[in-house]
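Below: the structure, in structure tokens.
The numbers here are math on the coordinates, done by the rules we state, and not lab data. Please read all numbers here as calculations on a predicted model, not as lab measurements. A quick note on method: Cβ atoms are made from the backbone with ideal geometry, for glycine too, and the neighbour counts reach across all protein chains shown.
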Amino acid sequence: MATFADLGIPFPLFEAPTHEASGYAGLATCRLCKRGDRHCFELGVGDALILPCPACGAENGLPADDRGDVPCRSCGGLIVFPESLVAKKQLLACYDCLRAGKGAITQGTEFGVVSWEQAFEGVTNGVPGLRTEQFEVVAIDPAEDWSGARIPSVHLWELLRTPGFHSWQDERWLFCCSRPMAYLGGWRNAMESLRPDDPDAFYQALFAPEDEARSWGYEEFDEGSSSLYVYRCLACGRCRATYDWD
Ligand SMILES: [Zn+2]
Ligand SMILES: [Zn+2]
Ligand SMILES: [Zn+2]
């Protein structure tokens, strides 16, 4: 099964087969740079077009779904959603444009949603009861015990220049060594790419000690690999996983 690296368009954080990527549109004409036959990615609900403010030059995110104008986050001046793009059926950004930061794909993470606003801020949108040793925890709504993680913007932008993937429930991108991990795909794909000597030990190590998935065994995910999502740390090599449950 082909990966984006096989196609010559590698994403450091996405090592899974291309068919797992949710917004991948295949070869098409990029709506941003107008070049044809480019590997394109759809900017959809929650995603953004990134444009500099004509008045002050600060970069801003404009919503890819409702395609409205926005006030500049720096000077407050109006940034107009490009007229040529408003009526397009799909907002497609090619690999080069996405990697250059002209679009931002919103991602769900274990520390809450990350979209362009969080990337500029360097703090995730947060989750209830967040505890982590990897990042400073920032209280967002103390009454609800809702906190975000302070993560260097460079890591958050990398995540937003990475395709999302198909999952039944909301995707929760995992982190290790204070940076986003690389997504490997489902159980089968992790087996194929890593070939661990002891699949059972590998499976157990994917989860925290208290996680009930440890007691299920990997057979649970072997048949339909779509319900386990395996990540690998690019710094230490450790793997972790999330899963969907009924
Ligand atoms: Zn392009
Ligand atoms: Zn401005
Ligand atoms: Zn690590």
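So, of the residues in segment 44-76 that are surrounded by 12 or more Cβ atoms within 10 Å (Cβ to Cβ) and at positive phi, which turns out to be farthest from ligand 1 (Cβ to nearest atom)? Checking each candidate, the answer is Gly46.
Within the set Cys233, Cys239, the sole residue that is in contact with a Lys or Arg (Cβ under 7 Å, 6 or more places away or on another chain) and either within 16 Å of Glu110 (Cα to Cα) or within 16 Å of ligand 3 (Cβ to nearest atom) (or both) turns out to be Cys239.
Of the strands (runs of 3 or more DSSP E) lying entirely inside segment 182-246, not one carries at least 3 residues that are touching a helix residue (DSSP H, G or I) at 6+ places or on another chain (Cβ under 7 Å) and acidic (Asp, Glu). Among the residues of segment 83-97, is there at least one that is under 29 Å from Val138 (Cβ atoms) and either in contact with a helix residue (DSSP H, G or I) (Cβ under 8 Å, 6 or more places away or on another chain) or more than 13 Å from ligand 2 (Cβ to nearest atom) (or both)? No. Pairs meeting the criteria (first residue in segment 62-74 and closer than 14 Å to Leu43 by Cβ and among the basic types (Lys, Arg), second residue part of a loop (DSSP other than H, G, I, E, B) and away from ligand 2 (no atom under 13 Å from the Cβ), beta carbons under 6 Å, at least 6 apart or on different chains) are Arg67/Phe81. Among the residues of segment 14-37, those identified as in contact (Cβ under 8 Å) with a residue 24 or more places away in the chain, in a loop (DSSP other than H, G, I, E, B) and not basic (Lys, Arg) are Glu15, Ala16, Ser22, Gly23, Thr29, Cys30, Leu32, Cys33. Residue count for segment 197-246 under the criterion of being in contact (Cβ under 8 Å) with a residue 24 or more places away in the chain and either of a type in the set (D, E, K, R) or surrounded by 14 or more Cβ atoms within 10 Å (Cβ to Cβ) (or both): the result is 25.
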